[in-house]
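Everything below concerns the one structure shown next.
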Amino acid sequence: MTASTIWTTSWGIFFTFYQCLFLKEMLGVKYRYTYLWFYLGTWLYGHINTWFGIVGTPWGNMIYLCICAFALNTLLFHGSIIKRGFFTLWMYGVQETAGGIFFPLFTAASLNGREDCFNIILNAVDLIAGLVLFFVMEVLKCKIHLLKRDFEDRDGIYLICIIVFICSAVSMTSMTFDKVSNWDAGYVYAVVIPSGLIALGGEILNVCCIIMLERRLVDRLAKQQYQMLEKHLEISKEQYEQFMKIRHDIKNHSLCLAQLLEKENVEEARHYLEQWNTVIEAGETVIRTGSVFADAILNPKYQQAKKMGIDITIQMSVPGEDRIDPVDLCCLLANALDNAIEACQRGIKAGNPAGWIRMKSQIYPNYWVFEIANSTCVSVKRHGGRFLSSKQVPISGVGLQNIRTVVERYEGVLDLKSGTSFTLNAMFPLP
C-alpha cells in the first residue's frame, strides 16, 4: 500500500466522520453506531458506480451522488424531507463549488504536463475542497445553533433552488476545461480567472444562504418568545387585577360575614364563604411546575378545561432552561393539551359527557418522561403510520407534527396509542 493510498483512505475516513457529526448535530440520529452505517453507505454507493459504471459523465455523477446521499441521510437522520434535502445539497454544493474555484487554476498552471499530473490535480482539488467544507461546517456548528430548529419548507425549497443553480453554473465552467490542453495558453488564463471568481462568488452565496436562513429563524424565534411573554404578562395582569379586587373588597366581605354570624345565620355565612373561596381560587395559579413559561401556558388552558366541565388533572415537573429550550417546552405542552381539550370538545358536541384529561411528567437523572391521556368519542384514524387530524381537512394533525418535531430535535422517543382513550408518551434524554 502506497503512501498516497494510505493518505487518501485516512482523509476519507476522517472527512466522512466529520460530515456524519455535522448531520447528527443539525438533524439528530435515528440509530446507534450511525457513523459506521454512514461510512459503509458512503463507501458502498461510491464504489458501486466505479464497479458497474452506472454514470460516466460529470453531470450524471453529480446527480447520482446527490440522490444516494439523500437516500442515506433519510435512513439515518431525523428531520423533514426538505431539511434533509437542504443539508445534503448544501454540503455537496459547498464542496463542488470550492472545487470549481481551484480546478481551473491548477489545470492552467500545469498545461505542459497535464496528462502526467491530472490525477494529482484532482486529488489536490478534492483535498482543498474538503478543507473548505470542513472549515465552513465548523463555523456553522460553533456560531449558528438555530439551524437545529426546523425551518419552514418554503425557505428550504427557495434555498435548494439557489444551491442547485450555483452548482450547475460552477460545474459547467469546470467542465469546459476537460479539453483545456488544446487551448491557447493566453486564452486559458483569460478564462480561468473569471471562472474562478464566479465559483468564489457562488461559494460566498452558498454561505450567505445559511446566514439568511439563520436570520429568518432568529426573527421567528424572537416573535414566538415575544408572543409567549405577552401571553404570560396578560395572565399575570389578570391575576394581579383579580387580587386587587379581592383585597379592595376584603373589608366588606369581613363585615358581611360578621353580620351573618352575629345574627346566627350560619348556613348563609357558610354559603357566602364558599362563594368567596371560589372567587379567590379563580385568581390563583393552580399549576406550578417550577417553570414560569410552562405555568403561563398550562394555567389558562387548565381553567378553560374546567369551565367546559372536563375532569382534568395536571401533575407536572419540567426540566430547567439549561436542559430544554422554553420555546420547545411550551410547544410540546400547548399542542398536547390543545389536542386533548379539542378531543373532549368533540365529545361534548356529539352529546357525550365532557370527558377527562390526565397530564403528568417526571424528571429522572438522565431523562424526562411526559405523558398525557384523554378520553375520545371516536378512535383516532391512522394513515401511513401517522394519526390524522379530526378537522375537516384530511391531513396529519399539525399539533402532532409539532410535537414530533420537538421530540426528534432532542433525540427522544414518542409513543402514541389510540382506542377508547388517546395516550401520548414522550421520553427526552437530558444532558
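The values are calculated or read from the model by the stated rules, or taken from the named source; none is laboratory data. From a predicted model like this one, the values you see are computed outputs, not experimental measurements. All Cβ positions, even for glycine, are placed from backbone atoms using ideal geometry, and neighbour counts span all protein chains on display. To get the accessible areas, we keep the full protein, side chains included, count just its heavy atoms, and leave off ligands, DNA and RNA. Shrake-Rupley method; radii C 1.70, N 1.55, O 1.52, S 1.80 Å.
Structural remarks
- Residue pairs whose Cβ atoms lie under 8 Å apart, separated by 6 or more positions or on different chains, with the first residue in the range 1-20 and under 24 Å from residue 33 (Cα atoms) and the second open to solvent by 70 Å² or more (accessible area, probe 1.4 Å) and modelled with pLDDT under 80, are 8/123.
- Residue list for the range 1-32, filter: loosely packed, with under 12 Cβ neighbours inside 10 Å and under 13 Å from residue 75 (Cα atoms): 31, 32
- Subset of the range 37-62 [open to solvent by 90 Å² or more (accessible area, probe 1.4 Å) and part of a helix (DSSP H, G or I)]: 37, 43, 50, 51, 52
- Condition check for residue 158: part of a helix (DSSP H, G or I), surrounded by fewer than 18 Cβ atoms within 10 Å (Cβ to Cβ), modelled with pLDDT under 75 and hydroxyl-bearing (Ser, Thr, Tyr): no
- Looking only at residues of the range 70-109 that are among the hydroxyl-bearing types (Ser, Thr, Tyr) and part of a helix (DSSP H, G or I), we find that the one that is farthest from residue 32 (Cα to Cα) is 107.
- Residue 179 farther than 27 Å from residue 57 by Cα and either modelled with pLDDT of 75 or more or not β-branched (Val, Ile, Thr) (or both): no
- Flag if residue 215 is modelled with pLDDT of 75 or more and open to solvent by 100 Å² or more (accessible area, probe 1.4 Å): yes
- The range 385-430, residues that are part of a loop (DSSP other than H, G, I, E, B) and either open to solvent by 80 Å² or more (accessible area, probe 1.4 Å) or at pLDDT 75 or above (or both): 391, 392, 393, 394, 395, 410, 411, 412, 419, 420, 430
- Cβ-Cβ distances below 9 Å connect the following pairs, each with a first residue in the range 38-50 that is closer than 25 Å to residue 28 by Cβ, a second residue that is at pLDDT below 80 and surrounded by 14 or more Cβ atoms within 10 Å (Cβ to Cβ), and a separation of six or more residues or different chains: 39/12; 42/12; 43/12.
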